[in-house]
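This report concerns only the one structure given below.
The values are calculated or read from the model by the stated rules, or taken from the named source; none is laboratory data. All figures in this text were calculated on a predicted structure; none of them were measured in a lab. As a convention, Cβ positions derive from the backbone with ideal geometry for all residues, glycine included, and neighbour counts pool all protein chains shown. Areas reflect the complete protein model, heavy atoms only, side chains present, ligands, DNA and RNA absent. Shrake-Rupley method; radii C 1.70, N 1.55, O 1.52, S 1.80 Å.
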Amino acid sequence: MMAMRPRHWAGALALALWALAGMAGAQPVKVGVIGPFSGPSSDFGTHMLQGIQLAVEQFNAVGGYLGRPVELVVKDDQGSPDTGRQRSQELAREGVVAALGFCNTGVAMKSLDVFQQAKLPLIVPCATGTPVTRTYPAAQSFIFRTSAPDNIQAPFVVEDILRRGWTRVALFADDTGYGQAGRKDVEAALAAHQLTPVYATNFPLGVKSLAPQLQAARDAGAQVIFSYTVGPENAVIAQGRKELGWKVPQVGGWTLSFPFFIQGGKDAAEGALTAQTFIAEPSNERRASFLSTYARAFKGRPAVPMAAAQGYDAAYLLMYALLGIRDGQVNGTALKHSLENLQRVYYGVVATYERPFSAEEKEAITPNMLVMGKVQAGAVTFAYPEDAKRNLLVQRKR
C-alpha cells in the first residue's frame, strides 16, 4: 500500500481496514492499463500509470465496487504500435471490463479496433491526436478521452501567438500519427485566420539534428516555431535554434512540458509556451490535496503533472461509472452506457466533471479548461498571472 495520511487518520485507517477485510476473497473487477512504461515515451507513461494507481488505491480503500476491489492489469506498449496492439489483444483475452491508456496517438490508432470490437470501453488519459475519438460514430464508439485533443490545443496556441503579434509561423512536425494529425490541426487553425506557415517540414523520430530545416525556417522569416513532436525531438529543435543564434520562441502542445524537452533543451527550452490542462501549483484545495498525496505516495511531485492528473481523473470517472451499475452485472456495454450517463458529479483534479460524456460526446475536455503554460526555471508555470487567478476555480465543461 502507498502511504496515505488522512486528517483523521485513525478513523480513516479503521475504515480502510474494514473495507479491505470485506473485500478479502471477493472477485476483483479487472481494469486494463496500457501505455509506454519503458522506452522513449516512458517519462509521461509512468506518470499516467501512477495517477491511475493512486485513484484505484483510494477507491479500494473505501470498499471498491459493491465490496469488490478494482484490480489493474498493466501492459507496457513500449511506445510501439505493433506492441500496443499485441498488449491490447492480451487485455481483451484476460477478462478486463474496460481499459485506461495510451500516450502515443499512433499506438492508440493501431489498437482502437481491438477495444471497439470487444465492446470494452477505453478511456484515453494522454494521447491527444484528434482522430482517436473520431474513428467510430460517436453513438457506437467505446472510445472516450480525458486529455485535450489537438483540435482544441492547436487553435488555443494559435490564438495566443496571434495575440502576441506572431503571424509568420514555422511548423515542425514528426512523421508519427501524433505529429501528422497535429500538423493538420495547426494548419487548419492558421487557415481560420487566412494564414499559412511560412515554412513547414516533417522529420522522423530519433533525429539528432534539424540544422538545415531550422536555417530554412529562419531564411523564410519565421517569427515563431510551432513544434508537434515528443520530448527528445522538441529538445533537438530548441538546441538547434540556440546553435544558430536564432532567438525566436518555440510553442506547441502539451509535449513541451515533458522532461525530455525541459531537461534535454536546458536553457534553450526556457520561455517555451505550451497548452496545459493542469499546472502543478496548489492553486486550490483539490489540486493541493492531489499533489501532496501523490508526493507522499511516489516520493516527489510528478515530472509530467498533466499525465498524472489526467490518469487520476480518468480512473475515477471509470469507477464512478462502475458505481452507476447497481445490479453488479458489469460488462463493457453496461459501462459504456454508465459513462455516457454519469449520475453524480466527479470533482476532479483537472476539471469538475458534470456529465463529461454522452452518447454523442466522447471528449471530457473543452477549450475553457486550457491554460497557457510557460517553461521557466526548469518547470512549467502559468504564462499569464490572470490564468493563475482563474485557476483558483476548477472549470466545468462548456
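The figures follow:
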item	result
Selected residue [touching a strand residue (DSSP E or B) at 6+ places or on another chain (Cβ under 7 Å), part of a helix (DSSP H, G or I) and under 23 Å from LEU393 (Cβ atoms)] from LEU335, LEU317, LEU339	LEU317
Residue within the stretch 159-170 that is within 18 Å of the chain's Cα centre (by Cα), under 21 Å from GLY231 (Cα atoms) and small (Gly, Ala, Ser) present	no
Residue satisfying all of: in the stretch 269-289; open to solvent by less than 10 Å² (accessible area, probe 1.4 Å) and not in a strand (DSSP E or B); farthest from SER41 (Cα to Cα) among these	ARG287
Every pair of residues 6+ apart whose Cβ atoms lie under 7 Å, when the first sits in the stretch 328-351 and is without any contact (Cβ under 8 Å) to a residue 40 or more places away in the chain and open to solvent by 30 Å² or more (accessible area, probe 1.4 Å) while the second is outside any strand (DSSP E or B) and of a type in the set (Phe, Trp, Tyr)	ARG344/TYR320
Filtered residues of the stretch 186-206 (kept if farther than 11 Å from ALA170 by Cβ, assigned to a loop (DSSP other than H, G, I, E, B), modelled with pLDDT of 95 or more and of a type in the set (A, V, I, L, M))	ALA192, LEU195
Unmet criterion (only one of (1) within 21 Å of LEU256 (Cα to Cα); (2) at pLDDT 95 or above; (3) over 20 Å from the mean Cα position of the chain (by Cα)) for LEU291	(3)
Close pairs (7 angstrom Cβ cut-off, 6 or more residues apart or separate chains): under 21 Å from GLY39 (Cα atoms) in the stretch 232-248, hydroxyl-bearing (Ser, Thr, Tyr) anywhere	ASN234/SER227; ASN234/THR255; VAL236/SER209; ILE237/SER227
Boolean, VAL380 is assigned to a strand (DSSP E or B), open to solvent by 20 Å² or more (accessible area, probe 1.4 Å) and under 21 Å from GLY253 (Cβ atoms)	yes
Residues (within 19 Å of the chain's Cα centre (by Cα) and in a loop (DSSP other than H, G, I, E, B)) located in the stretch 107-132	PRO121, PRO125, CYS126, ALA127, THR128, GLY129
Among the residues listed as GLN310, GLN329, the single one being assigned to a loop (DSSP other than H, G, I, E, B) and either in contact with a Cys (Cβ under 8 Å, 6 or more places away or on another chain) or not basic (Lys, Arg) (or both)	GLN329
Unmet criterion (only one of (1) under 13 Å from GLY373 (Cβ atoms); (2) crowded, with 23+ Cβ neighbours inside 10 Å) for ILE237	(1)
Pairs with Cβ under 9 Å, 6+ apart, first in the stretch 27-49 and without any contact (Cβ under 8 Å) to a residue 60 or more places away in the chain, second open to solvent by less than 40 Å² (accessible area, probe 1.4 Å) and of a type in the set (Lys, Arg)	PHE37/LYS75
Qualifying position, being under 20 Å from GLY129 (Cα atoms) and in contact with a helix residue (DSSP H, G or I) (Cβ under 8 Å, 6 or more places away or on another chain), among ALA297, ALA238, ALA268, ALA275	ALA275
Meets criteria (open to solvent by 30 Å² or more (accessible area, probe 1.4 Å), over 28 Å from LEU205 (Cβ atoms) and touching a strand residue (DSSP E or B) at 6+ places or on another chain (Cβ under 8 Å)) for ARG87	no
Only one of PRO125, PRO131 that is in contact (Cβ under 8 Å) with a residue 60 or more places away in the chain, under 30 Å from ARG93 (Cβ atoms) and touching a Gly at 6+ places or on another chain (Cβ under 9 Å)	PRO125
Any hit, the stretch 164-180, residues being aromatic (Phe, Trp, Tyr) and touching a strand residue (DSSP E or B) at 6+ places or on another chain (Cβ under 6 Å)	yes
Odd one out for ALA217, checked against (1) out of contact with any strand residue (DSSP E or B) (no Cβ under 6 Å at 6 or more places or on another chain); (2) surrounded by 14 or more Cβ atoms within 10 Å (Cβ to Cβ)	(1)
Scope the stretch 133-156; condition part of a helix (DSSP H, G or I) and open to solvent by 10 Å² or more (accessible area, probe 1.4 Å); matching residues	THR133, ALA138, ALA139, GLN140, ASN151, ILE152, PRO155, PHE156
Any hit, the stretch 150-160, residues being out of contact with any helix residue (DSSP H, G or I) (no Cβ under 9 Å at 6 or more places or on another chain) and under 18 Å from PRO367 (Cα atoms)	yes
